[in-house]
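Undergrad: Starting off with a structure, shown below.
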Amino acid sequence: SQQGEEDPQALSIQEGENATMNCSYKTSINNLQWYRQNSGRGLVHLILIRSNEREKHSGRLRVTLDTSKKSSSLLITASRAADTASYFCATDNLGAGSYQLTFGKGTKLSVIP
Amino acid sequence: EAGVAQSPRYKIIEKRQSVAFWCNPISGHATLYWYQQILGQGPKLLIQFQNNGVVDDSQLPKDRFSAERLKGVDSTLKIQPAKLEDSAVYLCASSLDTGSSYEQYFGPGTRLTVT
């Protein structure tokens, strides 16, 4: 079952602009993670935010989490052509044996040089 | 640090044939995952191992898919017989331990095309 849903499905911006992607989920979580996937480096972990955190930064990345609205956002500042990729949020849910990650369908970001 | 290794990178088979994928996780990682990623979607968990034991295989189509993790290190995922809808990228990932607070490290994937 799909837990996180990213919005928008696709986003095209000019190099140097900021990119914002949103993720909404249905059930309560312990953690939320963001991943990036491109053809060159595959699927790579970007950042993890815990349910008791509201905001987290890592370089040009800023992630927010609003547990009351069950939503998260990923902001990439001063985008570069190399940021062109699909971005996925992954929420945890209790599976048969332990907590697992459930990925959304992703936001496809294109950064135009 | 060496990453997660997978082979082959690409595989084309006809429906009803069998295929096997191999994964070598990062050294010391206790947890290994196999995901299926269909074009345009996010990865979907098929099976999760903790050392050499299965933690969760509830989403594995057991009539045709099987997986094992020998000696708690390498893992193989097999499909027999394959169907057209099995065309996807199969991703292997590993993490230090089980739980959602651990970052997962993904391999490059095996792109399977079933004709």
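Computed from the coordinates by the stated procedures, all read-outs in this text should not be read as laboratory data. None of these values were measured; they are calculated from a predicted model. Ideal geometry is used to build each Cβ from the backbone, glycine not excepted, and the neighbour counts take in all protein chains shown.
Undergrad: Could you calculate the contour length gain from residue B:84 to residue B:63, that is, 0.36 nm times the residue separation minus the distance between their Cα atoms, to one decimal place in nm?
TA: Additional length available on full extension: 6.0 nm.
Undergrad: Using DSSP to call loops (not H, G, I, E or B), can you name the trypsin sites (Lys or Arg not before Pro) in segment A:16-47 whose Cβ has at most 15 other Cβ atoms within 10 angstrom?
TA: The qualifying sites are A:26, A:41.
Undergrad: What are the ³J(HN,Hα) couplings of segment B:49-56, residue after residue, when phi is run through the Karplus curve with 6.51, -1.76, 1.60 and θ = phi - 60°? Round to Hz, x for glycine and proline.
TA: Calculated HN-Hα couplings, in order: 10, 10, 6, 9, x, 7, 8, 8 Hz.
Undergrad: Expressed as a rounded percentage, what relative contact order does segment A:5-112 have, with Cα pairs under 8 Å and six or more residues apart?
TA: Relative contact order here is 37 percent.
Undergrad: Counting only residues 5 or more places away or on other chains, whose amide H sits under 5 Å from the amide H of residue A:30 once H atoms are built in the peptide plane?
TA: A:92
Undergrad: Work through the residues other than residue B:111 whose Cβ is under 11 Å from its Cβ and net out their charges, Lys, Arg +1 and Asp, Glu -1.
TA: Overall, the nearby charge balance is +2.
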